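Here's the structure, in C-alpha cells; my notes come after.
The values are calculated or read from the model by the stated rules, or taken from the named source; none is laboratory data. All values reported here derive from a predicted model rather than from experimental measurement. Glycine gets a Cβ as well: all are built from the backbone with ideal geometry, and neighbour counts include every protein chain shown. Surface areas here come from the heavy atoms of the whole protein model, side chains and all, with no ligands, DNA or RNA. Shrake-Rupley method; radii C 1.70, N 1.55, O 1.52, S 1.80 Å.
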There are 2 protein chains.
Amino acid sequence: MTISARVHYAALAMAELAARQDDIAPVSIREITDRHGVPGPFLVQILRTLRAAGLVESIRGSHGGYRLAADASTLTLLDIAEAMGCQENGCRTEATPTPADEMLQEIWREAAEASRDVLASKRLIDMVDQVKHGDSSMFYI
Amino acid sequence: MTISARVHYAALAMAELAARQDDIAPVSIREITDRHGVPGPFLVQILRTLRAAGLVESIRGSHGGYRLAADASTLTLLDIAEAMGCQENGCRTEATPTPADEMLQEIWREAAEASRDVLASKRLIDMVDQVKHGDSSMFYI
DNA sequence: TCTATACTTGACTATCTTGATCATGTTAAT
DNA sequence: ATTAACATGATCAAGATAGTCAAGTATAGA
C-alpha cells in the first residue's frame, strides 16, 4: 500500500464529489482543480482511472462533470487506493522460494494487511463530515 | 514502508548472520549468496548499507566476513527496513496544505504506523528459531 | 614476503514508476 | 453553430530500483 500523489489526489477528488453528492449538477474537473491544488491534466487521468474502476461516473458535454457512482457511506479509502492500482507491497515472488523467503513474504503480507485495515476503516462519508465540521469553508471555498 | 528486493535481501542476510551469531568465524558474502539466491555484487551494496547503519560489522582480509553488531534478540525487521532507508509513505507535504490534505496525511501516517508496528514485532531471533524448527536444512544447506 | 581470499569504494547502466503535459477528438446544452 | 466539458492516446522528464564492474586495501597463511 504505497501512497502516491495519485492516490492522494484521487482521495481529494472523491471527497469533493462526496461532499456534493446531493447536488443536481455534476462536479467539473475545473472546480476540483480550483479548490484543491491538483494539476488539471493530471486530474483528468486520475478521474479516468476512477471511472474505469466504477467509482465515479461522468456526464459529457456542456455542464458535464463527475459524480460518485456509489453512496459515500459505502466507499472507503481502501476502495480508492485499490482503484488507483496500489499494489500489495510484498516484493516479487521468486521462482523457488526458500522457507526463509516464504516466512518473510508472509510477514510483508501481514504488514501490508495492517495498512489495508486502516484504510478500510476510513469511510468517505466520515471524512467529509469531519472536514465539514472542522472547517466548513473547505469544500465550498 | 515499501518493501523492495533490497529490504528482502537485507532481511535474508541478517537472518543468516543471526543464525550463526555464536560461530567464531564471520560469514562471508559468498556463503550468503550460495545459500540464498542473492546476486553477489548487489549483496555487497546491501551489506555496506547495513554496516553504515551499524547493524553489522565487517572483518576484512582472508577469512573475513560479516557479523551482527548487536544481539539478534534486540533486532527487529523494522530496524532492518529503516536501515535500508524505507521511507514513510506519507506522500510529499505540500506548501500550503488544506484541512482535507492534512486529514488525509494523518490517515496515511496512521496506515504506515500500522505496518511499522507489525515489523517492529518481528524479532530476528524469533524468525531464526521459527525457520530452524520448521526446516533445519535452511541455514546450513 | 608473496599470494590468495575477502572486504571497500565509487562509478555506472538499464528498466520501471511516478508525476505530469499536450494535442486532438467527441458529446451535449443553448 | 458555438461553446463548455469530458475522452483518448501519446509523450516526457526525473527519480527509484535492481544490478554490474573495476580497481583498491587488508589480513591470514605458506
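Below is a table of values for the structure above.
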quantity	calculated
So A:G54, is it loosely packed, with under 14 Cβ neighbours inside 10 Å, within 13 Å of DNA strand D (Cβ to nearest atom) and on the phi < 0 side of the Ramachandran plot	no
The range A:121-132 residues that are within 11 Å of chain B (Cβ to nearest Cβ) and open to solvent by 70 Å² or more (accessible area, probe 1.4 Å), paired with ones that are in a helix (DSSP H, G or I) and of a type outside the set (V, I, T) (beta carbon under 8 Å, 6 or more apart)	A:Q130/B:M103; A:K132/A:A19
Extreme residue, farthest from DNA strand D (Cβ to nearest atom), among residues of the range A:5-32 that are surrounded by fewer than 18 Cβ atoms within 10 Å (Cβ to Cβ) and away from chain B (no Cβ under 12 Å)	A:D22
